[in-house]
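S.K.: Quick one: structure below, then a few questions.
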Ligand SMILES: *Cc1c(COP(=O)(O)O)cnc(C)c1O
């Protein structure tokens, strides 16, 4: 494809995306596709001769779109919303256009140095401690996902614990994201060495007293506690662990404190939500939040900060001959390949830079506040209906709630709730997901897709009410 051909098709692609975004409400949120439908519509064999790009665009409409779940649809309330934006998409396009592989500083100095600047900017925007800054002892790095970031934290913690004898244990709760358990497995911990700490049955927050007791018992049995994961905004219900109290326990036992704020962390752009950082400056060894979940940045963009980058770099660095270069040897530059699992890395900073510059701190705050306002408004509607119950509190954009089924057992009520959710999701107008707390099945209404307006939230509630009445 020549640059001139690229210009022609590039314009078509940008027009196509703009038309798509402009008409997104006309699609069913969740793809109605059945297993194998998309595959059956595609040729079994690759073409022998090249095809014009128009053919690809035509097939995109015909065979791919029906199999797309429209994450940018204003009726998308499942999981956590995908946060995309015009500047996010364009930043990603520029990254593709430059085609940079930024494994070390020398392979494209701007890729590393822009990343360093934007993660420092973001730390400042979120009110994170100065020692997380890259010009201090710590530093930030953009990863593909919080799962990778947490794995890096586990490996760094394990390295810091060094040759400590016996079992190495890490601590999570029943509400911790499953990626921590996987990180433990990938890091080679023995089964049973990812320890489950109790949660408060009402708040679902990790119980620091039980954490302390568990760690003391493990130490007495010859184990070395290496890491505790505290979560700010759990995936299931956005519960918040008491980071400061957990941090005190970590310090007493010499364990690494990793704070997983994948979804909620970015909300600290708003001063009124800065309380979510309580304890982070004093105790956190690492902290992760995902601009791709709630800060208008296209997937993938997950930022990991370290209080001290040395244990991570010691754990992950290697220097094969083919990567030796003067800049690395001088010690004056950051080589981000030592801050992540893969060697190669995309120029992700471009999209975060585009987003922060386009919206400014003011625009980012408005986005977070808008989502929380709509979530609060939705919760008020649900609360006002005696046929439903809201799970309190809901400090962010997620509202967990359940329809009440007075004549049904807990098990039957759960099944009825799930059936109701399936009917709603089949309608194509909205998309909800669910979770379970104790024996209660809850519906999750996650507000925060950039396209979602007040009318979409009210329309969703109207449909939910109607689905419950029609039981
Ligand atoms: C979504 C989520 C994760 C996983 O994020 P990925 O970036 O998809 O790996 C981890 N922790 C929490 C609390 C989450 O909400």
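S.K.: Find the relative contact order for the stretch 321-471 and round it to a whole percent, using C-alpha pairs within less than 8 Å whose residues are 6+ positions apart.
M.R.: It comes to 20 percent, rounded to a whole number.
S.K.: With the Cα gyration tensor of the stretch 3-76 giving a ≥ b ≥ c as the square roots of its eigenvalues, does the rule (a/c under 1.5 for rounded; else a/b larger than b/c for prolate; else oblate) give rounded, prolate or oblate?
M.R.: oblate
S.K.: Right, another one. By its C-alpha gyration tensor, with a ≥ b ≥ c as the square roots of the eigenvalues, how is the stretch 394-453 shaped: rounded for a/c under 1.5, else prolate for a/b larger than b/c, else oblate?
M.R.: Taking the square roots of the gyration eigenvalues as a ≥ b ≥ c, the stretch 394-453 is oblate.
S.K.: If I model a spin label at residue 409 and residue 56 as a point 7 Å from the Cα along the Cα→Cβ vector, what separation in nanometres do I get?
M.R.: Output for this residue pair reads 5.6 nm.
S.K.: Using the alpha-carbon centroid of each, what span in Å lies between the stretch 1-71 and the stretch 346-369?
M.R.: The distance from the Cα centre of the stretch 1-71 to that of the stretch 346-369 comes to 28 Å.
S.K.: Order these peptides, 97-108, 256-267, by their mean beta-carbon neighbour count within 10 angstrom, highest first.
M.R.: 256-267, 97-108
S.K.: Output the relative contact order of the stretch 85-186, whole-number percent, from Cα pairs under 8 angstrom with separation of 6+ residues.
M.R.: 16
S.K.: Follow-up question, since we're still on this one. When you count, for each residue, the other Cβ atoms within 10 Å and take the mean per peptide, how do 272-280, 71-79 rank with the highest first?
M.R.: Taking the mean over residues of other Cβ atoms within 10 Å, the ranking is 71-79, 272-280.
S.K.: Can you compute the helix-only [θ] at 222 nm over the chain? Use -39500 (n - 2.57) per DSSP H run of at least 4 residues, normalise by all residues, nearest 500 deg cm²/dmol.
M.R.: On the way: 16 runs with 199 residues, N = 471.
Computed ellipticity for the chain at 222 nm equals -13000 deg cm²/dmol.
S.K.: Order these peptides, 11-21, 383-393, by their mean beta-carbon neighbour count within 10 angstrom, highest first.
M.R.: On the way: 11-21: 12.9, 383-393: 14.5.
Packing proxy ranking, top to bottom: 383-393, 11-21.
S.K.: Another one. Starting from the Cα gyration tensor of the stretch 368-469, take the square roots of the eigenvalues, sort them a ≥ b ≥ c, and report rounded, prolate or oblate (rounded when a/c is under 1.5, otherwise prolate if a/b is larger than b/c, else oblate).
M.R.: prolate
S.K.: Separate question: How many angstrom separate the Cα center of the stretch 191-252 from the Cα center of the stretch 89-109?
M.R.: Here the answer is 39 Å between Cα centres.
S.K.: To the nearest 0.05, what FRET efficiency results for residue 213 and residue 380 with a Förster distance of 45 Å applied to their C-beta separation?
M.R.: 0.65
S.K.: Quick one: if the Förster radius is 56 Å, what FRET efficiency do residue 323 and residue 419 give, using the C-beta to C-beta distance and rounding to 0.05?
M.R.: 0.50
S.K.: Could you grab the relative contact order for the chain? Cα pairs under 8 Å, six or more apart, rounded to a whole percent.
M.R.: Computed over the chain, the figure is 22 percent.
Quick note: the coordinates plus some simple rules give every number you see, no bench work behind them. Predicted, not measured: the structure shown is a model, and the values here were computed from it. When we count neighbours, we look across all protein chains shown, and the Cβ atoms used for this are built from the backbone with ideal geometry, even at glycine.
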